[in-house]
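Every number in this text was worked out from the coordinates using simple rules, so none of it is lab data. A quick note: this is a predicted structure, and the numbers were derived from the prediction, not measured. Please note: Cβ atoms are built from the backbone with ideal geometry, for glycine as well, and neighbour counts cover all protein chains shown.
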Amino acid sequence: MRTPGALLEELRGQRVHVVGASGAEGLALLLFLAESAGFEGVVAHDFSGDDRGFARSFRRANPAWPRAEREALLKRLRTLPVAFRLGADYLSGLEEADVVFASQNWFNYPSNLPAIPDAVARGARLLGVVDLAMDLFPGLRIGVTGSNGKSTTSAMIRHLLGDGVMQGGNDRSAQVSLQDLRDAPAGARLIWEVSNRHLRDRTVPVDVAVLTNITANHIDDHGTWEAYVAAKLRLVRGASAHAVVTVTDPESSRHVDSLAAQVWGVGRRAGADQAGSWIEDGRIRLRAPGQDPVDVAPISALKLPGEHNRTNLLSALCAAVAAGSDPQALAPRIATFGGLAGRLERVAEQGGVRWIWDIQATTAPAAEAGIRAEGEGRRLLLLVGGDDKGMDYRGMADAAAEHADAVLALPGSGTDAFLGALGDRVPVHRHDALDAALAHARSLARPGTSVLCSPGCAFFFSRFVDGGPSFARRVAAVLAS
């Protein structure tokens, strides 16, 4: 039996430093440690040059709250009994730390190197907000990871479980305070979206772990493919009770026999001594451990398109049942799940042409899934662009060759890698600006066409959208012109 709050008590009285004070994780840690838990002597580091720079960084990094609430949080943060070290003083005194709390992406900032690794080498303990979250929460903890699909699967689990479920983790728009986690009743349930960076150097302890898939992604964060796979596996290998694994995903299925938790296989019919969910004759079937299969609902009840979303749903159903839900009682909720903003989101439709915003597809496999999903019965004009993350673009290129009438390409190393895999199979139109690409797409579109922005590359949003009108507003302007 674990004791909620045991880690917190281990840290009390130690010299605690929080790196990345203006970020969402830094905010959560400082409000809890210095305000709620009463820790004294906490040191907060941020590479913002001064108070005004800190405020700007804070506002950018914390979009989950309305403006007034965000400003109130900034005011609370500034009045905490914390020693702030900004700008030229960034990371000063870190050599004295017993504990270093750092954001999940700390290692990608050159200013953190080698100071944080040096502190760890001297004996400091390196932790993140996820460590405290899992420690403090007294109820059932559900962790979701994977190269693709983790946000949608997390949202599906929350929708299936209904009211009263808490959610946090990688999605900055779904934040929960550490104090609320600490105050939750023992019967509460928490869903945490776990990124590869959370798992880079630690195990995240959960009761129910979901692994959606493992495909090449974020290799730059881990150095090698093998290290990336090992990071993803840490979640399911550390699960205390249940591990939900997509057994139709080649890499994930290779490691099922190494798991100590009860395995739920997703996508393939579960044998008599197995648990899992699958689709059979157009129906969702599910077998809980030691029970006979049950019929849950027709797969047509799911309104989201694409094979990937059907697999996400099967994973979510297994997790919900592992968390104590009656599988047959979940059927009505399947039909009411509406998807996520920015994932195959239909922002406009005019003259039989759909305009689809799939900005969450920043990897080639995610873009391939979006292309195949929106291409079910429709022809596409595909908008891509951004930087390469070491992707294999062959699957995305094959999907584009099958479903797209044209590709509108914005600049980037990822764009070039994708177009290299695509070859001359689809006409390509290069543009330097998003608005020009959208205007060109309108001139090419015909009834029954979808203009799909599924970039397949990193930094599309920050390079081509951020700082200007939203994608939906740009589309509306094109349609009105």
Phi angles of segment 93-101, converted by Karplus (6.51 cos²θ - 1.76 cosθ + 1.60, θ = phi - 60°) into ³J(HN,Hα) in whole Hz with x for Gly and Pro, give x, 5, 5, 8, 6, 8, 9, 10, 8
Residue separation between Ile359 and Ala241 times 0.36 nm, minus their alpha-carbon distance, gives in nm 39.1 nm
At the level of C-alpha centres, the distance separating segment 389-447 and segment 64-128, in angstrom, is 40 Å
Among [x] 72, 47, 37; [y] 79, 50, 43; [z] 65, 57, 41, the entry matching Cα extents along the principal axes in Å as calculated here is [z]
Given a Förster distance of 45 Å, the FRET efficiency implied by the Cβ-Cβ spacing of Glu226 and Arg446, rounded to the nearest 0.05, works out to 0.45
Most exposed to least, judged by fewest other Cβ atoms within 10 Å, Met166, Met156 sort to Met166, Met156
Here the gain from full extension of Ser481 to Arg67, 0.36 nm per residue of separation minus their alpha-carbon distance, amounts to 145.9 nm
Plugging the Cβ-Cβ distance of Asp50 and Ala433 into 1/(1 + (r/R0)^6) at R0 = 35 Å yields, to the nearest 0.05, a FRET efficiency of 0.55
FRET efficiency for Lys303 and Leu7 from the Cβ-Cβ distance with R0 = 30 Å, rounded to 0.05, comes out at 0.15
In deg cm²/dmol, rounded to the nearest 500, the helical mean residue ellipticity at 222 nm of the chain, built from -39500 (n - 2.57) for every DSSP H run of length 4 or more, is -9500 deg cm²/dmol
If the label point sits 7 Å along Cα→Cβ of Ser177, residues of segment 41-61 with amide N under 15 Å come out as none
Of segment 437-465, those with amide N under 20 Å from the point 7 Å along the Cα→Cβ vector of Arg60 are 458-465
For the pair Arg202 and Asp295, the simple spin-label estimate (label points 7 Å beyond Cα toward Cβ) gives in nm 4.7 nm
The size of the Cβ-based charge dipole (Lys, Arg +1; Asp, Glu -1) of segment 374-428 about the Cα centre, to the nearest 20 debye, is 80 debye
Extension length gain for Ala329 and Asp416 (0.36 nm per residue less Cα distance), in nm, is 26.5 nm
Computed about the Cα centre, the charge dipole of the chain from +1 Lys/Arg and -1 Asp/Glu charges at the Cβ has a magnitude in debye, to the nearest 20, of 860 debye
Per DSSP loop assignment and a cutoff of at most 15 other beta carbons within 10 Å, the chain keeps its longest run without exposed GluC sites (Glu not before Pro) at 41-375
Counting sequence-distant residues (5 or more places) and residues on other chains, those with an amide H built under 5 Å from that of Arg283 are Ile299
